[in-house]
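This report concerns only the one structure given below.
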Amino acid sequence: MSPVTDRVGPRHNPTAGAALPVNLRDLRDEAWRRLDPAHRDYFTGGAGDERTLRANETAFDAYRLLPRVLRGGGERDLRTPLLGGTLSMPVLVSPTAFHRLAHPDGEVGCARAVAGADTVLVLSMAATTPVEAVAAAMDAADRPGRLWFQLYPQPDLGFTESLVRRVEAAGCRALVVTVDSPVLGRRERDLRNGFLDLPPGLGCENMRDPETGRIRDIVLDADLDWPRIDWLRGVTRLPVVLKGILHPADARLAVAHGVDAVWVSNHGGRQLDGAATAVDALPSVVDAVGDRVPVLLDGGIRRGTDVLTALALGATAVGVGRPVLWGLAARGEPGVRQVLDLLRADLGQAMTLAGAVRPADLGPDLLNRMPR
Ligand SMILES: Cc1cc2nc3c(=O)[nH]c(=O)nc-3n(C[C@H](O)[C@H](O)[C@H](O)COP(=O)(O)O)c2cc1C
Ligand SMILES: CCCCC(=O)C(=O)O
């Protein structure tokens with residue numbers, strides 16, 4: 001937290017003339033130059049014609065803001081209480097697979113950066129590092145509790161339960177169940193590139209079978225249903241978040257089934273091409289949920305103003321997926337830190353320009369145009 005003051009002119013702009021990045025897209029361009037083209041396509045791409053992928057970013061363009069004036073001063077405070085912890089800002093890191101494919105720093109480097117920024121990392125079930133090692137990095141940075149785990153519940157309930165125990169023992173503070181993936185989306189870039197497998201030495205370390213030590217394949221299970229969510233709630237006391245909700249009826253069902261948060265997402269346009277953007281789906285989900293549980297959102301967040309818009313529409317916090325991968329692929333751990341610091345600074349500045357000092361000041365009255 002710093003007092004909101006500003007001085008005009010290059011002498012007072014500490015970043016003027018400094019090395020890039022100035023925004024997240026600078027890191028994207030740097031990452032793209034470094035990555036193997038097939039890996040870049042995997043990290044970048046979406047499903048089908050990538051309509052939803054493109055729309056995720058442009059949906060935010062449809063909003064214009066109505067800033068309030070003469071009230072942007074005072075102590076800016078971005079802290080955000082969420083599921084028993086308090087994040088330093090309303091931005092967390094969405095689960096993304098295969099961090100060691102992006103950079104040798106991998107999930108541990110990402111965790112260190114997230115700990116430094118004092119927010120939450122949702123570790124993907126398809127992480128290339130064991131959850132225990134990622135949790136140890138968080139603990140070493142004196143930020144236990146900053147790790148959540150993303151789960152694709154497996155049809156083998158015994159294995160699922162043993163993984164949940166492992167995740168609990170490592171100290172994760174929430175389970176994020178991804179519900180938008182009954183099958184894998186049709187990612188045509190990957191089909192064209194023949195991107196099927198991780199290179200030797202990399203694997204989904206959290207899929208190790210406790211009995212054989214072998215890494216199992218992740219099963220995307222079309223039979224996953226509400227009774228299985230109830231089952232999961234019965235085997236763990238961790239908060240359960242459902243990620244990948246777009247329909248308000250599902251948001252209502254989620255609350256009825258006792259989940260602890262609803263995460264509005266179309267999986268970064270990688271599952272159902274043509275699906276609504278999260279920001280367009282958000283208002284009816286917020287309506288359906290009321291203030292019974294927090295609503296999170298991800299997809300297309302690239303700017304502080306995107307965060308501001310999502311919060312004004314009723315989200316408690318937002319996730320970033322690809323930008324974190326860009327930072328990681330470009331510069332490893334420091335790149336992830338830059339992504340989070342850039343977003344924090346951008347959000348803080350946008351809030352001040354809009355006359356808001358804390359996230360609670362943001363409401364739909366700040367939006368000039370509401371799509372639909
Ligand atoms: C390369 C990549 C891998 C992903 N892996 C996972 C995953 O393992 N589990 C999951 O729930 N979502 C996964 N996602 C989706 C993200 O959690 C998130 O919903 C999406 O990236 C948000 O959109 P954004 O990239 O525009 O920020 C992945 C996304 C990308 C780009
Ligand atoms: C089993 C798939 C994990 C990765 C994933 O969710 C994605 O690439 O979007």
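Anything in region 44-80 that is part of a helix (DSSP H, G or I) and either at pLDDT 95 or above or touching a strand residue (DSSP E or B) at 6+ places or on another chain (Cβ under 8 Å) (or both)? List them, or say none. Within region 44-80, Thr44, Arg51, Thr52, Leu53, Arg54, Ala55, Asn56, Glu57, Thr58, Ala59, Phe60 meet the criteria. Applying the set (1) within 16 Å of ligand 1 (Cβ to nearest atom); (2) closer than 24 Å to Thr86 by Cβ to Gly314 leaves exactly one unmet item: (1). For region 49-81, filtering for residues that are open to solvent by less than 100 Å² (accessible area, probe 1.4 Å), under 13 Å from Thr305 (Cβ atoms) and in contact (Cβ under 8 Å) with a residue 12 or more places away in the chain leaves 8.
Scanning region 1-41 for residues that are among the β-branched types (Val, Ile, Thr) and at pLDDT 60 or above returns a single hit, Val22.
For region 278-291, state whether one or more residues are open to solvent by less than 10 Å² (accessible area, probe 1.4 Å) and either within 16 Å of ligand 2 (Cβ to nearest atom) or part of a loop (DSSP other than H, G, I, E, B) (or both). Yes. Being under 30 Å from Leu232 (Cβ atoms) and either within 13 Å of ligand 1 (Cβ to nearest atom) or in contact with a strand residue (DSSP E or B) (Cβ under 9 Å, 6 or more places away or on another chain) (or both) holds for only one residue in Val357, Val336, and it is Val336. Number of residues in region 230-248 that are among the charged types (D, E, K, R) and under 17 Å from Gly314 (Cα atoms) equals 1. When Val131, Val122, Val179 are screened for being over 16 Å from the mean Cα position of the chain (by Cα) and within 16 Å of ligand 1 (Cβ to nearest atom), only Val131 passes. Take the residues in region 128-148 that are within 11 Å of Arg112 (Cβ to Cβ) and assigned to a loop (DSSP other than H, G, I, E, B); name whichever of them is modelled with the highest pLDDT. My answer is Arg146.
The values are calculated or read from the model by the stated rules, or taken from the named source; none is laboratory data. Here the structure is a predicted model, which is why all the values come from computation and not from measurement. No Cβ is skipped: glycine too gets one built from the backbone with ideal geometry, and neighbour counts run over all protein chains shown. For the accessible areas, the whole protein counts, side chains as well, though only heavy atoms, and no ligand, DNA or RNA atoms are used. Shrake-Rupley method; radii C 1.70, N 1.55, O 1.52, S 1.80 Å.
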